[in-house]
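Q: Quick one: structure below, then a few questions.
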Amino acid sequence: MQAKYLFAESLGVFGGSLAFTALGLLLGLEGTPWALALLAALPYLTLPLDLLAGLLLDRLDRRTLLLAGVWLRAGILGLLAFLPKEPLFLLPLAFLFQAVLALDLPAWHALLVRLARDRLEREGGRLQAAQLLGDSLGDLLAAPLLLLAKPLPFALGGLLLAGEGLLLRDLPAYPPPRAAKGEGFTLGALFAGLAFLLGDGRLLPLTLYALAMSFLSGLALALLPLMALAQGAPPALYGLYPWGLSLGGFLGSLLAGRIGPCLGVWGGHGFRILGLALLLLPFPFGPLGTFLAGMGGALGGVHLRAYRQRLAPEPLLGRVQAGSVALLSSGSLLGTLLAGGLGGLDPRAPLLAALLGLLLLLPLALGPLGCGRLLALREGRSP
């Protein structure tokens, strides 16, 4: 995939990260807990729209939808820059931004199949690394820009997204196959991607494993600030913990295309276990732990997504990618909610439960997710 496409996606993620990090800080400074809670819930409130996005991607040109989503989000950030900075105006537009964002990841994952069918791990890893780089830059710069002028991060975010749109103008067209166009807009068509993920015998073990990993990651990291402080991290240095996750994810994404599926999935699993275990040790081991956990998550995530891209039928490609986003996000939400309940007993209890779950999944490496089976599926052979 051309470097300018990666640069464009990094710019767009940078713009969105600037705006949403600034929005969270702005609502925090205004002392509106209910608004902050709604903002944190927005990615989950838009989960049904992921399924709708997948259906549209299988009916209309995927390149056109991707570009339309980029320009719509640029316009939304422009409105956020000029409107009064009140929750009544900010939250509905933030919800609309998240709703349109549901097109982005499934569209890119579908486009990768067209652009890099034989290099999905390498190019998918590069794309994810570009996204993580943009996200981390937004996290770092949003606060100082907001403190300089409240409209600044939103206006700059909109300009960055507009820059992404200009750079992506020559993406090749990617119309859906005729078989998808002939389907009606029915509930069955809407849920067809999820049905494939959970019904295809080759993909089902990988889908359930990915769902378990999303759940356990949400469980382990939902209370990260509390765990870090309990282990002696200075409040001023807490930012090293999320920065470690981002940096580890960035490097793991780049490494994923250079290793095989067995090392990607199960090496990533081992890095997660080691990284989360380090969070139980006193500071400064915690940032190293988040770095390893982020690396492990990226290694496994890139390879698992490549299986979904290869095995999904062309008429279902958009819905399979969007359905996986919705399914895995639901797993993360359930893990986060459980962490809130267990954390009342001990801030470390969710982390310990997640570590136990990761250890219990290890026997899968000798069974339905063994190295031979993973390699056979990657090469298109019957496992």
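Q: Assess whether Ala256 counts as being closer than 28 Å to Leu369 by Cβ and of a type in the set (A, V, I, L, M, F, W, C).
A: Details: closer than 28 Å to Leu369 by Cβ: yes; of a type in the set (A, V, I, L, M, F, W, C): yes.
So Ala256 fits the description; yes.
Q: Right, something else. All but one of (1) touching a residue at least 12 places away in the same chain (Cβ under 8 Å); (2) open to solvent by 40 Å² or more (accessible area, probe 1.4 Å); (3) not in a helix (DSSP H, G or I) hold for Ile259; which doesn't?
A: (2)
Q: If you take the residues of the range 79-123 that are charged (D, E, K, R) and part of a loop (DSSP other than H, G, I, E, B), which of them is most open to solvent (accessible area, probe 1.4 Å)?
A: Within the range 79-123, the match that is most open to solvent (accessible area, probe 1.4 Å) is Glu86.
Q: Scan the range 339-354 for residues that are among the aliphatic types (A, V, I, L, M), in a helix (DSSP H, G or I) and surrounded by fewer than 18 Cβ atoms within 10 Å (Cβ to Cβ) and jot them down. Let's see the steps before the verdict.
A: Filtering the range 339-354 for residues among the aliphatic types (A, V, I, L, M) gives 339, 342, 345, 349, 351-354.
Restricting the remaining residues to those that are in a helix (DSSP H, G or I) gives 339, 342, 349, 351-354.
Result: Ala349, Leu352, Ala353.
Q: Any idea which of Leu72, Leu25 is open to solvent by 40 Å² or more (accessible area, probe 1.4 Å) and over 29 Å from Leu194 (Cβ atoms)? It would help to see each step written out before you state the result.
A: Working: Leu72 fails: over 29 Å from Leu194 (Cβ atoms).
Only one candidate qualifies: Leu25.
Q: Say we look at the range 40-58 and pick out the residues that are closer than 18 Å to Leu334 by Cα, of a type outside the set (Ser, Thr, Tyr) and free of Cβ contacts under 8 Å to residues at least 60 places away in the same chain; which of these is least open to solvent (accessible area, probe 1.4 Å)? Spell out how you get there, then give the answer.
A: Within the range 40-58, the subset closer than 18 Å to Leu334 by Cα is 40-48, 50.
Applying the additional criterion that residues be of a type outside the set (Ser, Thr, Tyr) yields 40-43, 45, 47-48, 50.
From what is left, the residues that are free of Cβ contacts under 8 Å to residues at least 60 places away in the same chain are 40-42, 45.
On the way: Ala40: 67, Ala41: 32, Leu42: 9, Leu45: 96 Å².
The residue in question is Leu42.
Q: Hey, another quick one. Please determine, by comparing only the residues of the range 289-304 that are touching a Gly at 6+ places or on another chain (Cβ under 6 Å) and closer than 30 Å to Gly201 by Cβ, which one is surrounded by the fewest Cβ atoms within 10 Å (Cβ to Cβ). Break it down into steps so the answer makes sense when it comes.
A: Step one: list which residues in the range 289-304 are touching a Gly at 6+ places or on another chain (Cβ under 6 Å), which gives 289-296, 298-300, 302-303.
Adding the requirement that they be closer than 30 Å to Gly201 by Cβ leaves 296, 298-300, 302-303.
Working: Gly296: 29, Ala298: 27, Leu299: 30, Gly300: 25, Val302: 30, His303: 28.
Top of the filtered list is Gly300.
Q: Another question, if that's okay. Which condition number in (1) closer than 28 Å to Leu351 by Cα; (2) over 24 Å from the mean Cα position of the chain (by Cα) is the one that Thr207 fails?
A: Condition not satisfied by Thr207: (2).
Q: Also, quick follow-up: Among (1) surrounded by fewer than 21 Cβ atoms within 10 Å (Cβ to Cβ); (2) modelled with pLDDT of 85 or more; (3) more than 22 Å from the chain's Cα centre (by Cα), where does Gly286 come up short?
A: The failed condition is (1).
Q: Can you tell me which residue among Gly270, Gly264 is of a type in the set (Gly, Ala, Ser), in a helix (DSSP H, G or I), open to solvent by 10 Å² or more (accessible area, probe 1.4 Å) and within 23 Å of Arg373 (Cα to Cα)? Before the answer, list the steps.
A: Numbers: Gly264 fails: open to solvent by 10 Å² or more (accessible area, probe 1.4 Å).
Testing whether each residue is of a type in the set (Gly, Ala, Ser), in a helix (DSSP H, G or I), open to solvent by 10 Å² or more (accessible area, probe 1.4 Å) and within 23 Å of Arg373 (Cα to Cα) leaves just Gly270.
Q: Would the range 124-144 turn up any residue that is assigned to a loop (DSSP other than H, G, I, E, B), closer than 22 Å to Leu79 by Cβ and either over 21 Å from the mean Cα position of the chain (by Cα) or at pLDDT 85 or above (or both)? Break it down into steps so the answer makes sense when it comes.
A: Quick first cut of the range 124-144, residues assigned to a loop (DSSP other than H, G, I, E, B) only: none.
Looking through the range 124-144, none of the residues is assigned to a loop (DSSP other than H, G, I, E, B), closer than 22 Å to Leu79 by Cβ and either over 21 Å from the mean Cα position of the chain (by Cα) or at pLDDT 85 or above (or both).
Q: Among Gly323, Gly335, Gly357, which is over 30 Å from Arg178 (Cβ atoms), in contact with a Phe, Trp or Tyr (Cβ under 9 Å, 6 or more places away or on another chain) and crowded, with 20+ Cβ neighbours inside 10 Å? Spell out how you get there, then give the answer.
A: Numbers: Gly323 fails: over 30 Å from Arg178 (Cβ atoms); Gly357 fails: crowded, with 20+ Cβ neighbours inside 10 Å.
So the residue among Gly323, Gly335, Gly357 that is over 30 Å from Arg178 (Cβ atoms), in contact with a Phe, Trp or Tyr (Cβ under 9 Å, 6 or more places away or on another chain) and crowded, with 20+ Cβ neighbours inside 10 Å is Gly335.
Q: Could you tell me how many of the residues in the range 174-215 are modelled with pLDDT under 90 and over 20 Å from Arg310 (Cα atoms)?
A: 10
Q: Here's a follow-up. Among (1) in contact with a Phe, Trp or Tyr (Cβ under 6 Å, 6 or more places away or on another chain); (2) open to solvent by 30 Å² or more (accessible area, probe 1.4 Å), which single condition is Pro363 missing?
A: Result: Pro363 fails condition (1) only.
Q: I'd like the full set of residues that are among the hydrophobic types (A, V, I, L, M, F, W, C) and not in a helix (DSSP H, G or I), limited to the range 44-78.
A: Selection gives Leu60 alone.
Q: It is to be established whether one or more residues within the range 237-245 are open to solvent by 30 Å² or more (accessible area, probe 1.4 Å), of a type in the set (Ser, Thr, Tyr) and in a loop (DSSP other than H, G, I, E, B). Outline the logic, then answer.
A: Taking the range 237-245 and keeping what is open to solvent by 30 Å² or more (accessible area, probe 1.4 Å), we get 237-240, 242-243, 245.
Still in the running and of a type in the set (Ser, Thr, Tyr): 238.
Narrowing the set further to residues that are in a loop (DSSP other than H, G, I, E, B) leaves 238.
Scanning the range 237-245 turns up at least one residue that is open to solvent by 30 Å² or more (accessible area, probe 1.4 Å), of a type in the set (Ser, Thr, Tyr) and in a loop (DSSP other than H, G, I, E, B).
The values are calculated or read from the model by the stated rules, or taken from the named source; none is laboratory data. Since this is a predicted model, take the numbers as computed values, not measurements. Quick reminder, even Gly has a Cβ in these numbers, built from the backbone with ideal geometry, and neighbours come from all protein chains shown. For the accessible areas, the whole protein counts, side chains as well, though only heavy atoms, and no ligand, DNA or RNA atoms are used. Shrake-Rupley method; radii C 1.70, N 1.55, O 1.52, S 1.80 Å.
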